[in-house]
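Colleague: The structure under discussion is supplied below as structure tokens; questions concerning it will follow.
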């Protein structure tokens with residue numbers, strides 16, 4: 001049975017699942033669908049054409065589904081879709097898509113959005129993603145599964161972050177980060193592979209060692225990146241982790257590939 005506080009406002013047309021809890025001073029718009037077993041603590045606002053899956057936990061002052069922060073937006077009927085079992089902490093903002101993008105912003109299952117993080121319009125966020133406090137995703141960003149982003153980090157519009165990647169705190173990501181990569185700094189540069197994440201997710205030693213060999217070849221200083229990609233694709237054909245990285249680079253995008261910094265450290 002639903003538990004809805006007397007001060008909550010649920011507009012006509014909203015679809016509310018079974019066994020939800022809606023706390024004081026929440027506001028749910030007429031085109032929102034909220035999944036079974038979800039909990040809205042208090043002062044949560046759900047707006048627009050927003051679909052939220054089952055068992056969401058949403059904390060005070062989250063603003064989900066209001067119009068995009070895009071001056072070109074003209075009230076087109078765009079959407080925001082959030083999967084099951086997502087945690088949305090205090091002050092989180094998520095915006096729907098735009099006509100200039102895909103008309104939708106999508107978030108997968110089992111994601112955690114910590115306090116004051118932001119998901120911009122037309123973003124595609126995979127499953128099992130963690131955005132730490134104050135992380136900012138600009139519009140049109142793609143984030144793969146199992147990505148972790150450290151506090152205060154930011155991703156520029158149209159950039160891609162590959163699956164299982166790790167972005168360090170306060171990093172400014174302005175280029176595409178390969179799957180399994182780790183990036184830090186402002187502007188962010190690649191510092192290696194997310195070895196801790198790989199081990200935590202039970203990738204075995206042989207998989208990790210193979211991926212490390214491929215990584216060293218991909219980001220060696222000899223030759224062009226295109227040449228190195230073709231060499232790695234040939235040598236590691238049939239190795240799924242390496243093939244995923246190669247496919248990511250080959251797919252390209254609006255941004256260059258985030259690479260290592262070969263410059264001498266400041267003060268050296």
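The values are calculated or read from the model by the stated rules, or taken from the named source; none is laboratory data. Keep in mind it's a predicted model, so treat the numbers as computed, not measured. Here the Cβ is made from the backbone with ideal geometry for all residues, glycine too, and neighbour counts use every protein chain on show.
Colleague: Among (1) buried (at least 24 other Cβ atoms within 10 Å of the Cβ); (2) within 19 Å of residue 117 (Cβ to Cβ), there is one condition residue 172 misses while meeting the rest; what is its number?
Modeller: (1) is the only condition that residue 172 fails.
Colleague: Continuing with the same structure: When you look at residue 37, is it touching a strand residue (DSSP E or B) at 6+ places or on another chain (Cβ under 8 Å) and crowded, with 17+ Cβ neighbours inside 10 Å, yes or no?
Modeller: no
Colleague: Just to be sure before I move on: is residue 80 buried (at least 20 other Cβ atoms within 10 Å of the Cβ), touching a residue at least 12 places away in the same chain (Cβ under 8 Å) and more than 17 Å from the chain's Cα centre (by Cα) in the structure I sent?
Modeller: Values: buried (at least 20 other Cβ atoms within 10 Å of the Cβ): yes; touching a residue at least 12 places away in the same chain (Cβ under 8 Å): yes; more than 17 Å from the chain's Cα centre (by Cα): no.
No; evaluated as a whole, the condition is false for this residue.
Colleague: For segment 179-186, check the following and say yes or no: at least one residue is modelled with pLDDT under 95, surrounded by fewer than 24 Cβ atoms within 10 Å (Cβ to Cβ) and either closer than 26 Å to residue 252 by Cβ or not assigned by TED's automatic domain parsing to the domain that holds residue 243 (or both). Steps first, please.
Modeller: Start the filter on segment 179-186 by keeping residues that are modelled with pLDDT under 95, which leaves 186.
Next, from what is left, pick out any that are surrounded by fewer than 24 Cβ atoms within 10 Å (Cβ to Cβ): 186.
This time we only want the ones that are either closer than 26 Å to residue 252 by Cβ or not assigned by TED's automatic domain parsing to the domain that holds residue 243 (or both), so: 186.
Yes, the conditions are met somewhere in segment 179-186.
Colleague: Just checking, does segment 63-73 include any residue being closer than 15 Å to residue 157 by Cα and without any contact (Cβ under 8 Å) to a residue 24 or more places away in the chain?
Modeller: Among the residues of segment 63-73, at least one is closer than 15 Å to residue 157 by Cα and without any contact (Cβ under 8 Å) to a residue 24 or more places away in the chain, which makes the answer yes.
Colleague: Go through segment 219-235 and give me each residue that's in contact (Cβ under 8 Å) with a residue 40 or more places away in the chain and surrounded by 10 or more Cβ atoms within 10 Å (Cβ to Cβ). Break it down into steps so the answer makes sense when it comes.
Modeller: In the first step, residues of segment 219-235 are kept if they are in contact (Cβ under 8 Å) with a residue 40 or more places away in the chain; the result is 219, 221.
The one that is in contact (Cβ under 8 Å) with a residue 40 or more places away in the chain and surrounded by 10 or more Cβ atoms within 10 Å (Cβ to Cβ): 219.
Colleague: On to the next question. Hey, residue 118 hits all of (1) out of contact with any strand residue (DSSP E or B) (no Cβ under 8 Å at 6 or more places or on another chain); (2) in the same structural domain as residue 61 (by TED's automatic domain parsing); (3) in contact (Cβ under 8 Å) with a residue 24 or more places away in the chain but one; which does it fall short on?
Modeller: (1)
Colleague: Answer yes or no as to whether residue 167 is farther than 19 Å from residue 243 by Cβ and either at pLDDT below 95 or not assigned by TED's automatic domain parsing to the domain that holds residue 242 (or both).
Modeller: Working: farther than 19 Å from residue 243 by Cβ: yes; either at pLDDT below 95 or not assigned by TED's automatic domain parsing to the domain that holds residue 242 (or both): yes.
So residue 167 fits the description; yes.
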